[in-house]
Amino acid sequence: MSEAEVEFPGYAAGMWSIDPANSEAGFSVRHLGVARVHGRFNALDGTINVGPTVEQSSVTARIETDSIDTGFPARDGYIRGEDVLATGEHKQIVFQSTAVRRGPDGLLIDGELTIRSVTRPVTLTAQVGGFGVDPVRQVKVLGVSARVTIERADFEISPHVPAAVVGEKIEIHLDIQASLGS
């Protein structure tokens, strides 16, 4: 048995496809300095290449920017606009891993995040939820949760909006279910 199989029961190397119906990409940001606004993107896809070892694994994820949903249509329209995501010109947010390594409390996934055609290095902290079988579709499934905090200025998001209105830091979370070979 490999170290990964011991640490992650059911560990299975292979190409896993992100299941958009059972996955979520969301975010939160301070608003007016007193509360947090939460939102999600309703369209995402990608692949998780689980290697023979954890360190030989990789991830690619794509989020459709115009699928933003904060539960408030006027705010969603603003976020789709030129000052924030500029969805007419920038159709996707993309993450491409460059390394996967073990961290003190899970995995660290280094990679490049592209928002508004601006690419910056980031490190996601991730927890493997496990490997299992979907009893309905009879396919192997994998669950992973990941988090990262970015600075909105690094991606030219709302550069003219003061931090007192929209916080400088944006917390991004991904809760992913992927299927082997689909």
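Data table
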read-out	value
Mean Cβ count within 10 Å, highest first, over the residues of peptides 36-43, 79-86, 160-167	79-86, 36-43, 160-167
Region 83-144-region 154-182 distance, computed between alpha-carbon centres (Å)	12 Å
Helical contribution to [θ] at 222 nm, DSSP H n ≥ 4, -39,500 (n - 2.57), averaged over the chain, rounded to 500	-1500 deg cm²/dmol
Charge tally in the Cβ shell below 9 Å around Glu171, where Lys, Arg are +1 and Asp, Glu are -1, Glu171 excluded	+3
Amide H contacts of Ala86 (H built 1.01 Å from N, under 5 Å, at least 5 apart or other chain)	Gly81
Size of electric dipole in the chain: Cβ of Lys, Arg +1 and of Asp, Glu -1, about Cα centre, debye, nearest 20	200 debye
Mean Cβ neighbour count within 10 Å, used as a protection proxy, ranking 59-65, 71-77 highest first	59-65, 71-77
Paired Rg and Dmax values of region 83-142, which use every Cα atom, in angstrom	16.0, 45
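No lab work stands behind these numbers, since they all come straight from the coordinates. Owing to the predicted nature of the structure, the values given are computational and were not obtained by experimental measurement. When we count neighbours, we look across all protein chains shown, and the Cβ atoms used for this are built from the backbone with ideal geometry, even at glycine.
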